[in-house]
Amino acid sequence: PETARRFLHERLGRNESTIFVAHLDGVMDTAPAGFTQLYPMFSSVRASRVFVLNDLYVAERARRRGVALALLSAAAEYGQREGAIRLELE
């Protein structure tokens, strides 16, 4: 856990990834229900931005409640706002 924490902290500190965190029913004072992380990449052929969705996790207690779909939708909307040509699942 400490290595993962340090890794994520470095990515965010260097602005190398974007993380979306989901909470059940939008209640922020509860434990997160899931998260997804996007890494920016670029397509030189298309001269455009691409996002790699490298992590998608939903806590067991939150599965089958639409959390994964909400996270994927948030990632797709973010990519569109940022002008990405695609979102790749890694």
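Readers should treat all values here as calculations from the given coordinates under stated rules, not as data from a laboratory. The structure presented is a predicted model; accordingly, all values stated were derived computationally and were not measured. Here the Cβ is made from the backbone with ideal geometry for all residues, glycine too, and neighbour counts use every protein chain on show.
Could you calculate the FRET efficiency of L87 with T3 from 1/(1 + (r/R0)^6), where r is the beta carbon distance between them and R0 is 25 Å, rounded to 0.05?
0.40
Whose amide H sits under 5 Å from the amide H of E88, counting only residues 5 or more places off or on another chain, with H placed in the peptide plane?
It is F51, V52, L53, by chain and number.
Which residues in the stretch 48-68 place their backbone N less than 13 Å from a point set 7 Å from the Cα of L24 along the Cα-to-Cβ direction?
From the stretch 48-68, the list is 59-67.
Nearest 10 degrees is fine. How inclined is helix 67-81 to the longest principal axis of the chain, computing both from alpha carbons?
The helix 67-81 is inclined about 30 degrees to the chain.
Using P(r) over Cα pairs in 10 Å bins from 0, in percent as the read-out, say which of (1) 16, 43, 33, 7, 1; (2) 19, 57, 22, 2, 0; (3) 16, 51, 26, 7, 0 was calculated from these coordinates.
Checked against the structure: label (1).
I'd like the orientation of helix 2-13 relative to the chain: the angle between its Cα long axis and the longest Cα principal axis, in ° from 0 to 90, rounded to 10.
Helix 2-13 sits at roughly 50 degrees to that axis.
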